[in-house]
Amino acid sequence: MFDPRPLVDIATDIGREAGALVQRMRASAVVSFDTKSTSTDVVTAADRASEQLVRTRLSELRPGEPVLGEEEGGTVVEGLTWVVDPIDGTVNYLYGIPWYSVSIAAQLDGESVAGAVVEPATGRVWTAARGYGAFLDGSPLRVSTATDLSLSLLGYGFAYRPERRQRQADTWAAMATRVRDLRRAGAASLDLCSVAAGRLDAYAEHALGRWDWAAGGLIAAEAGAVVRLPGSSPELGEDATFAAAPGIADAMYNALVESGFGKV
Ligand code: LIP
């Protein structure tokens, strides 16, 4: 039987090395950056250096296995593909907000089977292997026991395109009176890990890349969350990512639909 746990070790070791690199680059000089889809969608020299390091290490440790990365691209193929976000939470990184990650996942036929989300600023490592649970620095993770939507804490995010951000803001305004409170932390992988740890009761966002959710979505699912990945829930929008503690998952899903989340 296939055991994904060795892949977690590889993702963790490489993620730690890439995390140390981006941390050095953060400390050493002004963070240079370019822009991508909009003037606010940035890519730093550290993003590129991190992905190059991850790709180099994977070619050494797992020769011939394809890599899909946020900055250099790639495709998901049948069999094993490595999915890499060299810095998830790049804007946080640019501003020196210590809430960003290096996210590395192994996917088998497009399904995550192993993942590591490394926090360069703190050294914390979130991991999961499919069927073997989710962990933070080796301690088991479990989602919250929330059952009351009005007492739940909802994480969310925004796309980069201004016209979509306005529609998304309208949804979050509508949700603000239905939940305890909202949190926008800026790194999808860590939002998903926060659901896994019970630090958020739910999280929802549109327009994430596979690299944003590939590891964090597995960690949330292995910690007991209800996880809906892009393409699985047309009511939430074709490019929606959703994760929630099971006790409020249905109520949160329905509230998001009623708030127009699926139409932004
Ligand atoms: C970011 C996501 C975040 C989203 C941002 C951005 P990046 O990924 O982690 O949740 O709201 O728009 O997509 O670009 O920092 O890797």
Most fluctuating residue given options ALA243, ALA46, ALA173, as computed from a GNM of the chain linking Cα atoms under 10 Å:
ALA173
When the label point is put 7 Å from the Cα of ASP148 along its Cα-to-beta-carbon vector, which residues of segment 195-212 have a backbone N closer than 18 Å?
200-202
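With a 1.4 Å probe and all protein chains left in place, how much of the accessible area of the chain comes from carbon and sulfur atoms, in whole percent? Display every interim value, and only then the final one.
Values: 5710 of 11060 Å².
So the carbon and sulfur contribution to the accessible surface is 52 percent.
When averaged across all projection directions, what area in nm² does the alpha-carbon convex hull of segment 5-140 cover? Intermediate values should be presented prior to the final figure.
Values: hull surface 32.2 nm².
The directionally averaged projection comes out at 8.0 nm².
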Under 10 Å, Cα contacts only: if you run a Gaussian network model on the chain, which one of TYR203, TYR160, TYR100 comes out with the highest mean-square fluctuation?
TYR160
Using modelled amide H (1.01 Å from N, peptide plane; none on Pro or chain starts), what sits under 5 Å from the amide H of THR40, excluding residues fewer than 5 places away?
none
On average, how much accessible surface per residue is there in the chain, in Å², for a 1.4 Å probe, leaving out ligands, DNA and RNA?
42
Which ³J(HN,Hα) values in Hz, rounded to whole numbers, follow from the phi angles of segment 60-76 under the Karplus curve 6.51 cos²θ - 1.76 cosθ + 1.60, where θ = phi - 60° and Gly and Pro get x?
7, 8, 9, x, x, 8, x, 10, 10, x, 4, 8, 10, x, x, 9, 8
I want to verify a result. In a Gaussian network model of the chain, Cα cutoff 10 Å, which of these has the top mean-square fluctuation: PRO162, PRO246, PRO140?
PRO162
Considering only C-alpha atoms, what is the centroid distance from segment 199-264 to segment 77-97, in Å?
19
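The values are calculated or read from the model by the stated rules, or taken from the named source; none is laboratory data. What you see is a predicted model; the values in this text were computed from it and never measured. Heads up, the Cβs are rebuilt from the backbone with ideal geometry, glycines too, and the neighbour counts pull from every protein chain shown. Keep in mind that these areas ignore ligands, DNA and RNA; they rest on the heavy atoms of the full protein, side chains included. Shrake-Rupley method; radii C 1.70, N 1.55, O 1.52, S 1.80 Å.
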